[in-house]
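Worksheet: the structure to be examined is printed underneath.
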Amino acid sequence: MLRIENFTTLRQRAFMEAYEAVNDNFKEIFAGLSDGEGHLQLDNPDNPLDGGLNLVAHPKGKAVRRLASMSGGEKSLTALSFIFALQRYRPSPFYSFDEVDSFLDGANVERLSRIIRAQSDQAQFIVVSHRRPMIEAAHRTIGVTQARGAYTQVLGISQEESAAASQPAS
């Protein structure tokens with residue numbers, strides 16, 4: 001019984017350590033992405049392993065909202081803030097995002113692209129996007145287009161190479 005009690009205590013302590021670190025990261029990242037305030041909230045703070053976890057967000061100029069009542073762009077920023085908060089706590093070497101910027105306006109796409117660019121020192125990101133700020137922030141871009149006829153054409157461009165090529169000769 002003592003071993004079970006020790007295990008339960010250690011499990012709850014490890015969970016709370018992770019929760020507090022991810023919550024701190026979420027607050028910081030959400031503020032940077034949305035100019036608002038957000039935090040994580042446990043359904044059962046007295047027994048956190050017996051409840052759920054909620055993302056509570058207050059985008060700038062709006063009332064506090066739960067994820068279910070947000071617009072598509074607000075949901076995207078909140079969910080991405082949580083992903084980046086988890087990444088900061090326990091990084092993965094690789095991330096793949098498929099059009100995560102589709103519901104965002106131009107300013108928010110720029111903020112997101114800056115965060116991805118900054119985090120790319122610690123992990124590799126593959127991002128599918130049609131948005132100019134995201135494409136311009138990439139180290140390498142691969143374009144896929146329907147060419148004449150029935151075949152697909154794939155084009156690869158290194159942003160560093162294209163930036164160097166566009167510089168005037170001195």
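Proximity of backbone amide H atoms, modeled 1.01 Å from N, is registered between LEU53 and ASP43 at under 5 Å, excluding neighbours fewer than 5 places apart on the same chain. Among beta bridges from DSSP that stay inside the chain, the antiparallel ones total about 75%. The modelled label-to-label distance between THR9 and ASN44, using points 7 Å beyond Cα along the C-beta direction, is 2.1 nm.
For the chain, the longest principal axis of the C-alpha atoms and the axis of helix 72-89 are separated by about 70°. Highest mean first, the peptides 85-98, 41-54 sorted by other C-beta atoms within 10 Å per residue fall in the order 85-98, 41-54. For Cα extents along the principal axes in Å, computed directly from the structure shown, the correct entry in (i) 56, 45, 36; (ii) 72, 43, 40; (iii) 45, 43, 31 is (ii).
In this structure the amide hydrogen of THR141, modeled in the peptide plane, comes within under 5 Å of the amide hydrogens of ILE157, SER158, GLN159, none closer than 5 places in sequence on its chain. In sequence order, region 113-130 has phi-based couplings of 5, 5, 5, 4, 4, 5, 6, 5, 6, 9, 7, 9, 10, 10, 10, 8, 7, 10 Hz under the Karplus curve 6.51 cos²θ - 1.76 cosθ + 1.60, θ = phi - 60°, and Gly or Pro positions carry x. Placing +1 on the Cβ of every Lys and Arg and -1 on the Cβ of every Asp and Glu, with nothing else charged, gives region 69-153 a dipole about its Cα centre of roughly 160 debye.
Dipole magnitude for the chain: about 220 debye, using +1 per Lys or Arg Cβ and -1 per Asp or Glu Cβ, origin at the Cα centre. When DSSP beta bridges are restricted to pairs lying wholly in region 92-163, around 60% turn out antiparallel.
Given the options GLN12, ILE135, GLY51, identify the residue whose Cα lies farthest towards the positive end of the charge dipole of the chain (+1 on Cβ of Lys, Arg; -1 on Cβ of Asp, Glu). Positive-end residue among those listed: ILE135.
For GLY36, the residues whose modelled amide H falls within less than 5 Å of its own, excluding neighbours fewer than 5 places apart on the same chain, are LYS60.
Descending by average beta-carbon neighbour count within 10 Å, the peptides 116-123, 100-107, 25-32 line up as 25-32, 100-107, 116-123, the highest first. Other residues lying with their Cβ under 13 Å from the Cβ of ARG13 contribute a combined charge of -2, Lys and Arg counting +1, Asp and Glu -1.
Per-residue Cβ neighbour counts within 10 Å put MET70, MET1 in the sequence MET1, MET70, beginning with the fewest. Look at the dipole of region 92-163 built from charges on Cβ: of PHE125, PRO93, GLY156, the Cα furthest out on the positive end belongs to GLY156. The slack between ASP35 and TYR151, meaning 0.36 nm per residue of separation minus the straight C-alpha distance, is 37.3 nm.
Here, each number is a calculation from the coordinates, and none is a lab measurement. Bear in mind that the values here come from a model prediction, so they are computed numbers and not experimental data. Cβ atoms come from the backbone with ideal geometry, glycine included; neighbour counts cover every protein chain shown.
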